[in-house]
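Take a look at the structure below.
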Amino acid sequence: MQKQQKGFTLIELMIVVAIIGILAAVAIPAYTDYLKRSKVAEAVSLMGGLKTPTEEWMGSQGAMPTNIDGQLGGKTSGKYTSVINTATHATLGTGYLATMKDTTMGTIGLYYSTGTKDWSCKKGTDMDAGLAPANCR
């Protein structure tokens, strides 16, 4: 009578380790891109929080605010966003440009058109298109 095998053989364990390694090699780059996109989302969210105060300021003052902190009291930096400054885009209008703390990620802007009374998001030329939200590409 043969003894029944208990547990795993060495080759079975090595196959499992190899499969886990392959899965990790695929998942890590995808997760890295996800982290970068979430950092850009923080900048877009911070600029989005400036929309209403900006429109109120423009309604009462007739011009775009030039000092976000002093005139709007808005938050101009975050954990991943270095600074948000006022900026002008040649075709989209005047608005805000966020610079990321990781300077290799570039900039992203949110601009207000006085003609259409609408906000437009646009990635900077230094930002990879894959990092920006779909409406900002």
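None of the figures in this text is laboratory data; all of them are computed from the coordinates on show. All values reported here derive from a predicted model rather than from experimental measurement. A quick note on method: Cβ atoms are made from the backbone with ideal geometry, for glycine too, and the neighbour counts reach across all protein chains shown.
Values for this structure:
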item: Environment charge of residue 55, counting only residues whose C-beta is closer than 14 Å and scoring Lys/Arg +1, Asp/Glu -1; result: 0
item: Given charges at Cβ of Lys, Arg, Asp, Glu: the range 11-136 dipole, positive-most of 43, 92, 108; result: 92
item: Order of 112, 31 - criterion: other Cβ atoms within 10 Å of each residue's Cβ, fewest first; result: 31, 112
item: Which of 11, 108 has the fewest Cβ neighbours within 10 Å, and the rest in rising order; result: 11, 108
item: Charged-residue dipole, Cβ positions (Lys, Arg, Asp, Glu), the range 63-137 about Cα centre, Debye nearest 20; result: 120
item: Cβ-based charge dipole, the chain, positive-most Cα from 135, 32, 66; result: 32
item: Rounded to 10°, Cα long-axis angle of helix 10-48 versus longest principal axis of the chain; result: 10
item: Electrostatic dipole magnitude of the range 11-136 [Cβ: Lys, Arg +1; Asp, Glu -1; Cα centre; debye, to 20]; result: 120
item: Efficiency of FRET from Cβ geometry, residue 134 and residue 85, R₀ 30 Å, rounded to 0.05; result: 0.80
item: Separation of alpha-carbon centers, the range 60-101 and the range 1-30, rounded to whole Å; result: 53
item: Close Lys-Lys pairs in the chain, where close means Cα under 29 Å and separation is 8 or more or interchain; result: 28
item: Given charges at beta-carbon only (K, R positive; D, E negative), |dipole| of the range 34-104 in Debye; result: 360
item: Principal-axis tilt of helix 51-61 within the chain, Cα atoms, nearest 10 degrees; result: 10
item: Contact order relative to length of the chain, as percent, for alpha carbon pairs under 8 angstrom and 6 or more apart; result: 17
